[in-house]
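Following: one structure in structure tokens, then a few remarks.
The values are calculated or read from the model by the stated rules, or taken from the named source; none is laboratory data. Note that this is a predicted model, so its numbers are computed, not measured. Because the Cβ atoms are built from the backbone with ideal geometry, glycine has one as well, and the counts that use them run over all protein chains shown. Side chains are part of the model used for accessible areas, which takes the heavy atoms of the whole protein and leaves out ligands, DNA and RNA. Shrake-Rupley method; radii C 1.70, N 1.55, O 1.52, S 1.80 Å.
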Amino acid sequence: MKKLFKKIFKKEHDPLSQEERMKLIEDSSKLVGPGVFYSTLIVIASFLPVFLLTGMEGKLFSPLAWTKSFILIVDAIVAITLTPVLISYLLKGKLRPESKNPINRKLETIYTPILIFCLKWRKSVLAVNVVALLIGGLMYTRLGSEFMPALDEGSILFMPVTLPDVSNSEIKRILQVQDKLIKSIPEVTHVLGKAGRANTATDNSPISMIETIVLLKPHNEWRSGKTKSDIVSEINNKLQIPGVTNGFTQPIINRINMLSTGIRTDVGIKIYGASLDTIDALSQKIKKKLEGTEGVKDLFAEPITGGKYIDISAKRDVIGRYGLTVDDVNNVVEAAIGGMTLTTTIEGRQRFSVNARYAQEYRNSIVGLKKLQVQTMDFGPIPLETVADIAISDGPPMINSENAMLRGSVLFNVRDRDLGSTVEDAQNKLNTMMAKMPKGYYVEWSGQWESQIRANKTLSLILPIVVIIIFIILYFTYNSMKEAMITMITVPFALIGGIFMVYFYGINLSVAVAVGFIALFGMAIETAMLMTIYLNEAMTKMVAKHGNTAETINEDIIREYVIEGSAKRLRPKLMTVFVALFGLIPILWSTGTGADVMIPITVPLIGGTISSIIYVLLVTPVVFEMSKLHELKTKGKIDIIDAKH
């Protein structure tokens with residue numbers, strides 16, 4: 001047993017001298033060092049669109065981009081400074097060639113015949129990739145779109161709206177009925193409803209708007225097969241109350257939407273103009289047009305008219321005969337109905353005004369108001385109706401203004417369909433009407449659609465600039481336009497796998513998915529750069545051995561070295577990819593808060609990483625060989641690219 005342990009742990013004699021070992025480490029570091037440095041620049045450049053995102057999406061994803069960039073910068077510095085030093089200290093004993101590694105031998109045994117087949121059928125392999133790219137493009141056109149994937153906050157915010165002239169007692173009754181029905185659902189643990197506004201200047205809700213927070217039990221206590229969407233549908237079915245329009249959202253996203261766009265639903269159509277009556281008519285027309293649109297839920301036109309007001313207008317010809325003024329009449333109305341401030345009490349740091357007004361039975365009806373007593377100097381007390389006209393009139397329940405114009409809005413949520421196609425359908429229905437808007441009136445689409453348009457505009461403006469920056473970096477890496485183009489070709493083929501996986505997962509295109517594709521963009525070019533460096537190294541070896549003329553090299557020799565450059569360094573290429581995959585795949589099975597955003601980022605990354613490594617391992621050598629054969633045929637030699645400068 002002792003001899004066995006000695007045999008296992010015995011240091012083999014190193015045939016290399018210290019100088020030879022250091023020279024080998026130096027040459028290897030020079031080979032991959034520039035590739036690591038430039039690929040780091042490319043990945044950081046690919047995250048530039050994320051840095052330029054604004055609003056909610058910028059606040060959510062910029063920490064990811066900053067973290068990734070700083071890690072890559074430190075990684076690049078460590079890779080070209082500390083790693084070679086550690087290798088020189090830790091890599092002792094006899095160096096074993098890669099062929100001695102059983103895993104590497106097995107991988108080469110599988111990979112080499114496949115690569116030889118691809119090189120033999122070059123045109124067919126390229127045709128298959130082009131077809132896959134076209135299919136991916138077709139799938140892309142079928143994908144839905146949204147601003148951000150819905151983050152499950154774990155609770156529901158139920159926001160129904162009733163008629164603007166609803167009374168306090170009626171809204172209280174509706175609130176109690178709704179809370180009781182919601183609490184009857186087994187998955188609900190707590191219900192808290194509020195009608196009207198809170199005692200704060202930032203909450204301008206009318207009394208006709210109810211906000212009910214519905215807290216749910218943990219998922220393991222739900223009925224089998226129930227989802228949050230099912231619970232929302234069940235609440236909606238139970239609460240079909242005449243005169244009440246239901247609306248569902250979540251507490252946090254609702255506040256974010258209201259603060260950023262002024263719209264409390266997923267989508268809102270803001271109508272601007274000078275007349276409330278015209279805005280109200282346009283709102284009702286838009287609402288009618290949108291009824292029945294697939295995906296449009298909780299459709300509601302904010303009431304601009306319908307509020308009830310008590311108008312008390314002094315009869316000027318009458319009050320003169322009684323020796324009164326308009327102010328005398330208004331003072332009676334203020335004291336009797338509104339209340340007159342008598343004094344202020346101070347309790348610590350709090351101050352409370354003390355008001356006096358008539359008892360409720362004297363002012364709770366039009367008849368009671370008409371009988372209010374107005375004191376005169378010569379005729380004694382007289383009824384208010386003698387000197388004033390008292391009537392109920394219609395008016396706006398709330399006047400909204402924006403950009404110095406009056407504003408109305410039509411609101412709706414989107415469920416059971418993606419946001420993008422739902423809004424496009426809605427816009428198509430309204431196109432004819434929009435072309436015939438009265439002069440001085442116009443509409444704006446707001447809510448999450450407004451944020452989606454803003455994010456898409458930012459990405460579409462910056463992505464072409466990023467592609468140019470990356471191409472310039474590749475050009476300075478290779479000092480060759482052709483090699484830079486060959487590496488850039490990798491990108492659309494890498495995206496194929498991402499599009500396929502997003503399509504079959506049923507995920508809509510969103511900012512989160514775009515961030516996933518942006519991360520994939522840099523990773524694909526990084527992998528392609530690694531392959532191109534090794535292929536160019538193989539070409540350098542070939543020229544050193546066979547020369548660089550059409551008489552000394554041919555297709556068979558070039559293929560032999562292309563296979564060597566691809567297969568002999570298979571392990572580091574696969575390690576680059578599998579390390580990324582092993583970190584990403586567990587996210588697919590993640591649950592709980594945050595998974596709704598992380599999965600859309602991860603899915604295109606995983607699919608694209610798989611397709612990009614397949615393309616880099618099988619198609620990049622094919623394209624590389626074809627380019628070298630074309631150089632040999634047209635120039636009588638091949639171009640040697642030194643990417644190690």
(request) Just the number, please: Stokes-Einstein D of segment 451-586 in µm²/s, Kirkwood Rh from C-alpha pairs, 4 °C, 1.567 mPa s. (result) 74
(request) Would you kindly find the accessible area of Lys289, with a 1.4 Å probe and non-protein molecules such as ligands, DNA and RNA excluded, rounding to the nearest 10 Å²? (result) 100
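Starting from 0.36 nm per residue, how many nanometres of slack lie between Thr552 and Leu588 once their C-alpha separation is accounted for?
That pair, Thr552 and Leu588, stretches by 7.7 nm at full extension.
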(request) Consider all pairwise Cα distances in segment 516-582 and report the whole-number % of them above 14 Å. (result) 64
(message) Which trypsin sites (Lys or Arg not before Pro) in segment 132-239 sit in a loop by DSSP (not H, G, I, E or B) and have at most 15 other Cβ atoms within 10 Å of their own Cβ?
(response) Arg197, Arg223, Lys226
(request) Give me the accessible area of Leu151, 1.4 Å probe, in Å² rounded to the nearest 10. (result) 70
(message) Largest first, please: the extent of the C-alpha atoms of segment 233-336 along each principal axis, to the nearest Å.
(response) 66, 31, 28
(request) Hey, can you find the accessible area per residue of the chain for me, probe 1.4 Å, expressed in square angstrom? (result) 54
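Say R0 is 25 Å: what FRET efficiency, to the nearest 0.05, do Met485 and Thr540 get from their beta-carbon distance?
Calculated transfer efficiency: 0.75.
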(request) Please arrange Thr245, Thr609, Thr593, Thr109 by accessible surface area, largest first, computed with a 1.4 Å probe and ligands excluded. (result) Thr593, Thr109, Thr245, Thr609
(message) Suppose only helical runs count, i.e. DSSP H with n ≥ 4. What mean residue ellipticity at 222 nm does that imply for the chain under -39500 (n - 2.57) per run, divided by all residues and rounded to the nearest 500 deg cm²/dmol?
(response) -18500 deg cm²/dmol
(message) Over all directions, how big on average is the projection of the convex hull of the alpha-carbon atoms in segment 261-405, in square nanometres?
(response) 14.7
(request) Output the pairs from Lys482/Lys633; Lys228/Lys288; Lys482/Lys635; Lys285/Lys436; Lys545/Lys637; Lys289/Lys436 with a Cα-Cα distance over 18 Å in this structure; if there are none, say none. (result) Lys228/Lys288
(request) May I ask for the Rg/Rh ratio of segment 406-471, computed from Cα atoms with Rh as the Kirkwood radius, given to two decimals? (result) 1.11
(request) Tell me the label-point distance for the pair Ile310, Leu133, using the 7 Å Cα-to-Cβ offset, in nm and rounded to one decimal. (result) 7.6
(request) Quick one: dipole size for the chain, taken about the Cα centre, charges +1 on Lys/Arg Cβ and -1 on Asp/Glu Cβ, in debye to the nearest 20. (result) 2580
(message) Please report the accessible area of Ile304 (heavy atoms, 1.4 Å probe, ligands and nucleic acids excluded) in Å², nearest 10.
(response) 10
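Just to be sure I understand: if I project the alpha-carbon convex hull of segment 516-645 onto a plane and average over all orientations, what area do I get in nm²?
Its average projected convex-hull area is 8.9 nm².
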(request) Taking the Cα atoms of segment 126-211, report the difference between the largest and smallest coordinate on each principal axis, in whole Å and largest first. (result) 73, 33, 23
(request) For helix 122-142, report the angle its Cα long axis makes with the longest principal axis of the Cα atoms of the chain; keep it between 0 and 90° and round to the nearest 10°. (result) 10
(message) Given segment 377-444, report the % of alpha carbon pairs whose separation exceeds 20 Å.
(response) 62
(request) Find the relative contact order for segment 19-157 and round it to a whole percent, using C-alpha pairs within less than 8 Å whose residues are 6+ positions apart. (result) 23
(message) In whole percent, and with a 1.4 Å probe on the protein chains, what portion of the accessible area of segment 341-436 is carbon and sulfur?
(response) 49
(request) Provide Rg and Dmax in Å for the chain, with only Cα atoms included in the calculation. (result) 36.7, 130
(request) Per residue of segment 536-544, in order, report the coupling 6.51 cos²θ - 1.76 cosθ + 1.60 (Karplus, θ = phi - 60°) as ³J(HN,Hα) in whole Hz, putting x for Gly and Pro. (result) 5, 5, 5, 5, 5, 4, 5, 5, 5
